[in-house]
1. Condition first: under 12 Å from Ile130 (Cα atoms) and either surrounded by fewer than 22 Cβ atoms within 10 Å (Cβ to Cβ) or among the basic types (Lys, Arg) (or both). Now tell me which residues in segment 80-95 satisfy that.
2. Can you tell which of Glu28, Glu38, Glu77 is loosely packed, with under 15 Cβ neighbours inside 10 Å, touching a residue at least 40 places away in the same chain (Cβ under 8 Å), within 20 Å of Ala139 (Cβ to Cβ) and within 13 Å of the chain's Cα centre (by Cα)?
3. Here are the criteria: (1) charged (D, E, K, R); (2) in a strand (DSSP E or B); (3) buried (at least 17 other Cβ atoms within 10 Å of the Cβ). Tell me which single one Glu62 does not satisfy.
4. Condition first: surrounded by fewer than 20 Cβ atoms within 10 Å (Cβ to Cβ), touching a residue at least 12 places away in the same chain (Cβ under 8 Å) and of a type in the set (Phe, Trp, Tyr). Now tell me which residues in segment 105-127 satisfy that.
5. Scan segment 136-147 and report the pairs whose first residue is under 12 Å from Val22 (Cβ atoms) and whose second residue is modelled with pLDDT of 95 or more and of a type in the set (Lys, Arg), with Cβ atoms within less than 7 Å and a gap of 6+ or a chain change.
6. Consider Asn140 carefully, then state whether it is of a type in the set (S, T, N, Q), open to solvent by 60 Å² or more (accessible area, probe 1.4 Å), closer than 23 Å to Pro40 by Cβ and in a loop (DSSP other than H, G, I, E, B).
Amino acid sequence: MKKLIGALLAILLLFGCSKPQVNIDVNEIMDKVLNDVELPAGQLLDDELLESLYGISVDDVENYAVYVPMMNVHATEIAMFKVKNMDNVKKGVENRLTFLDEMWSMYLPAQYELVKNHMLIEKDGYYFMIISNCNDDIANIIEGFFE
């Protein structure tokens, strides 16, 4: 009987101390960013553009929100992913960063600085890329969803 009670206590402690699964819709985070931070005019990517620009399949993510500028004079870009396959998402983001680096290095120096100072955040099965002049503000909004 003591062994049974001991085993039950061990199981309860194990599950009681485990971290709960985070379930946040990245569209909610993006909405808050777009409402709270002043960004150049942009648009959200659809599945086809996600695959075309990032090389990320919708099969690799549970949900995503990617904001890109409407005009090619702004480098601002914000990508948010709830990830199924982290390796594929990271590879897609790195490929996109390489492309943006090459493009902006020969174009507008101030925008190239934004690309060079990009921010990547990995948190609880989510992956974020921020290219803007408000990286810290956007990162704080993201962090607020995980508190």
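The values are calculated or read from the model by the stated rules, or taken from the named source; none is laboratory data. All values reported here derive from a predicted model rather than from experimental measurement. Heads up, the Cβs are rebuilt from the backbone with ideal geometry, glycines too, and the neighbour counts pull from every protein chain shown. With ligands, DNA and RNA removed, areas are computed over all heavy atoms of the protein, side chains included. Shrake-Rupley method; radii C 1.70, N 1.55, O 1.52, S 1.80 Å.
1. Passing the criteria: only Val93.
2. Details: Glu38 fails: within 13 Å of the chain's Cα centre (by Cα); Glu77 fails: loosely packed, with under 15 Cβ neighbours inside 10 Å.
None of the other options fit; the residue is Glu28.
3. Every condition holds for Glu62 apart from (3).
4. Tyr112
5. Hits for this filter: Phe146/Lys123.
6. Numbers: of a type in the set (S, T, N, Q): yes; open to solvent by 60 Å² or more (accessible area, probe 1.4 Å): yes; closer than 23 Å to Pro40 by Cβ: yes; in a loop (DSSP other than H, G, I, E, B): no.
So Asn140 fails the test.
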